[in-house]
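Undergrad: The structure is given below, and queries will be raised subsequently.
Laboratory data are not the source of any read-out in this text; all were calculated from the coordinates shown. Predicted, not measured: the structure shown is a model, and the values here were computed from it. Because the Cβ atoms are built from the backbone with ideal geometry, glycine has one as well, and the counts that use them run over all protein chains shown.
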Amino acid sequence: MNIAFSNARLIDPANGLDELGTLVVEKGKISAIGKNAKVPEKMKSHDCNGMAILPGLVDMQVFTGEPGEEYRETLATASQAAAAGGVTTVITMPNTNPVIDDAALVDFISRRARDTAIVRVHPMAALTKGCAGKSMTEIGLLSEAGAVAFTDGDRAVMNALTMRRALSYAGTFDALIVQHAMDQDLQSAGVMHESEMATRLGLAGIPVAAETAMIDRDLRLVELTGARYHIAQISAADSVETVRAAKKRGLPVSCGVSATHLMLNQNDVENYRTFAKLSPPLRREEDRLALIAGVADGTIDVVVSGHNPQNEEAKRQPFAQAAYGTVGVETLLAGVLSLYHADGVPLDRLLDCVTARPAALLGLGGGTLSVGAAADFALADLDAPWVVDADTLRSKSQNAAIDKRKVQGQVLACYVGGKAVFER
Amino acid sequence: MTATEIKGAFAHRDLLGIDGLSVSEITYLLDLSDSYVEQNRQIDKKTSVLRGRTQINLFFESSTRTQSSFELAGKRLGADVMNMAVKTSAVNKGETLLDTAVTLNAMNPDLLVVRHGDSGAVELLAQKTSCAVLNAGDGAHEHPTQALLDALTIRRRLGKLQGLRVAICGDITHSRVARSNLLLLNAMGAQVHLIGPQTLLPVGAEQLGAHVFTDMKAGLEGCDIVMMLRIQNERMEGALIPSVREYYRLYGLDREKLGYAKPDALVMHPGPMNRGVEIDSAVADDPERSLIRDQVEMGVAVRMAVLEALAANLPNGTGGAQ
């Protein structure tokens, strides 16, 4: 469908654009943009009343339950939640049942997404077979089948030799290796940040060193192999510092943080609130502030939702037994905007973290409003206040760590390839 | 004391921990316990305070002494007491927990005494039931009646808690007894020393108000009370401490180490003891110095007091027949 969106605040960090103007969509692509954009005669026009048009968000870490645990989330329901959050591209994690460690399974995800999902879906494939951390997957064939990166998802590759070989081999394909930086031996039985609070609650702690020791090890291996390495989520001030130093040394390193870690800290697990049980764990307020600073100065490349749907039974458990994770793909934009509204981080940097930057890391292109690009974008009121209500979120599971939180910034409509996939 | 007076003095639906109790509430429970100590030494130990009430002891972790102590306490107050031991498989522990809660709730118990291996599990269960819930130990979190009975034992022997120096020695990290005692003793104005090898000391104990030591000699200095904790078998053999004999050499309480404390310092242990591991028999059985048998006696009295206080606050009742 051809349509013009007039009187919109057009924000496109990749092109340094932030101005009032018109976006013209023809045949699913952006054909003109800006204050001087020409609208072809007789084209249908939509007055945006000054609301913002942003590139569709790219969420680099989304767990679903398809295949295997469809009761938690399917590609279809995840995509509906994504669309409602202005996310036009979701990157799925391979930790399903079976694990996505074979080209046929990558193909399965792509076909299921094509048939059932309303936003674009690109799978990451497993880095090791069965995500078991032992032998590497067919990185070449998986890349060919459409895997955009390689990771064991919510499991760290513990064996240093396996990691070295995977990084080494991946170099041939310029594949991106994504690590869940958590030393399982140091984590041991830990379930929350190691602190006086964990001691008071009688819960085993996860030391910051479980994260930094793994990152330090991997950085040595990156130096050795030259492979592209990405840390899915960092959670501590020390990790921000480590990544900052590694980037300064010119290593091909990038990292992400979850929007939840930018909004909450360990105090949110008070009273054994399992909905705030995350991996990596929520840490101290100082860590949260360091993460925000890391986003602001570009040390942290991307902000992800870490969307991880868990049903009531998995969460209504004693804290140590409860499942990790929070849903979040629908609230990703509100999450990053909290840094704009409350912490003074520039809007273009924040939007870059959820659009062009992840798209570039994954080699997807897109994440911009450039002329000729697919018309994937969100229409949003950046200031609209609302209260997160887990029950009304579109995910199949309602485990929202930021339930009942007041946020600002609401998606009014979402377009994929010029087609409206969500309208409020 | 009438039920109305109790309601004013102790205004909680459940007893999930020492955390959240005021000094006056702790004092009130200790005073009420005192009266039960005397009653328990009479020939007729029974009252009808809980007549008609149903008390269920729900133990997900087996414990002979705590469970019998609660059983005896409930029976002496006239309640109908039922013991439920729940064997849980690791896979569906939590499912069993909430399912059990719903099932039990339908039986309309008035008092539910719960022990569970996971921190916070008793609180979770309390949210799902409408009766009064009493924490008989949850994971490494709290064991409030143990702290109350320890305090009662000390107060009866030394007449006060304020100003005393109490050492708690051993596996602090995994101990709910240590946590509840730390909270209670701090609240009552005693000074707490935590002593153990670094691998058994939790992070941030200083911020919770304790003085922390890895050396028995330094830690025991000036202590009025030396409280030893049981060391679990699975913590030994190289995981957290190298061996039993090294542990006993460094931290096992014998006459020599007891000598580092005040000359008349008293010895306590929540039981069951590992003789020759954390404590020497000569110390444990010394009638002059050991309060270990007193602790067991005080346990029943404290649990009677807590049961009475909670029953008085039940929404549908007056705390039983008066």
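Undergrad: Any idea how many residues of region A:322-366 are buried (at least 22 other Cβ atoms within 10 Å of the Cβ) and under 30 Å from B:LEU125 (Cα atoms)?
TA: Residues that pass the stated criteria total 5.
Undergrad: Among the listed residues B:ALA85, B:ALA101, identify the single one that is more than 10 Å from every other protein chain (Cβ to nearest Cβ), without any contact (Cβ under 8 Å) to a residue 60 or more places away in the chain, surrounded by fewer than 16 Cβ atoms within 10 Å (Cβ to Cβ) and within 14 Å of B:ILE56 (Cα to Cα).
TA: Numbers: B:ALA101 fails: surrounded by fewer than 16 Cβ atoms within 10 Å (Cβ to Cβ).
Only one candidate passes the filter, namely B:ALA85.
Undergrad: Tally the residues that are touching a helix residue (DSSP H, G or I) at 6+ places or on another chain (Cβ under 7 Å), free of Cβ contacts under 8 Å to residues at least 60 places away in the same chain and more than 25 Å from A:ALA360 (Cα to Cα), restricting the search to region A:160-189.
TA: Final tally of qualifying residues: 3.
Undergrad: Please go through region A:2-52 and pick out each residue that is touching a residue at least 24 places away in the same chain (Cβ under 8 Å) and either in contact with a Phe, Trp or Tyr (Cβ under 6 Å, 6 or more places away or on another chain) or at positive phi (or both).
TA: A:ASN7, A:GLY16, A:LEU23, A:LYS27, A:GLY28, A:GLY34, A:HIS46, A:CYS48, A:ASN49, A:GLY50
Undergrad: Now for a separate question. For a quick check of your reading: which strands (runs of 3 or more DSSP E) sit entirely within region B:161-255 and have at least 1 residues that are more than 14 Å from every other protein chain (Cβ to nearest Cβ), among the β-branched types (Val, Ile, Thr) and in contact (Cβ under 8 Å) with a residue 40 or more places away in the chain?
TA: Details: elements: B:165-169, B:191-195, B:211-213, B:225-228.
Answer list for region B:161-255: B:165-169, B:191-195, B:225-228.
Undergrad: Check whether at least one residue in region B:45-60 is in a loop (DSSP other than H, G, I, E, B), within 25 Å of A:ASN271 (Cβ to Cβ), of a type outside the set (Asp, Glu) and in contact with a strand residue (DSSP E or B) (Cβ under 8 Å, 6 or more places away or on another chain), and report yes or no.
TA: Yes, region B:45-60 has at least one match.
Undergrad: When region B:105-119 is examined, which residues are found to be out of contact with any Ser or Thr (no Cβ under 9 Å at 6 or more places or on another chain), within 14 Å of chain A (Cβ to nearest Cβ) and part of a loop (DSSP other than H, G, I, E, B)?
TA: B:ASP118, B:SER119
Undergrad: Another question, then. Could you tell me which residue of region B:121-143 is nearest to the other protein chains (Cβ to nearest Cβ), considering only residues that are of a type in the set (A, V, I, L, M) and under 18 Å from B:ASN181 (Cα atoms)?
TA: Among those that are of a type in the set (A, V, I, L, M) and under 18 Å from B:ASN181 (Cα atoms), it is B:ALA140.
Undergrad: Name the single residue that is surrounded by the fewest Cβ atoms within 10 Å (Cβ to Cβ) among those in region A:13-41 being charged (D, E, K, R) and over 28 Å from the mean Cα position of the chain (by Cα).
TA: Step one: list which residues in region A:13-41 are charged (D, E, K, R), which gives A:18-19, A:26-27, A:29, A:35, A:38, A:41.
With the extra rule that they be over 28 Å from the mean Cα position of the chain (by Cα), the set shrinks to A:26-27, A:35, A:38, A:41.
Numbers: A:GLU26: 16, A:LYS27: 10, A:LYS35: 10, A:LYS38: 12, A:GLU41: 5.
For region A:13-41, the residue satisfying everything is A:GLU41.
Undergrad: I want to confirm something. Restricting to region A:84-115 and keeping residues that are more than 14 Å from the chain's Cα centre (by Cα) and within 29 Å of A:ILE53 (Cβ to Cβ), which single residue is surrounded by the fewest Cβ atoms within 10 Å (Cβ to Cβ)?
TA: Only one residue fits best here, namely A:ASP115.
Undergrad: For region A:181-284, which helices (runs of 4 or more DSSP H) that fit wholly inside it have 2 or more residues that are surrounded by fewer than 18 Cβ atoms within 10 Å (Cβ to Cβ) and within 14 Å of chain B (Cβ to nearest Cβ)?
TA: The helices (runs of 4 or more DSSP H) meeting that bar are A:184-187.
Undergrad: Looking at region A:93-172, what helices (runs of 4 or more DSSP H) fall wholly within it and have at least 1 residues that are farther than 30 Å from A:ALA81 by Cα?
TA: Output list reads A:139-145, A:160-170.
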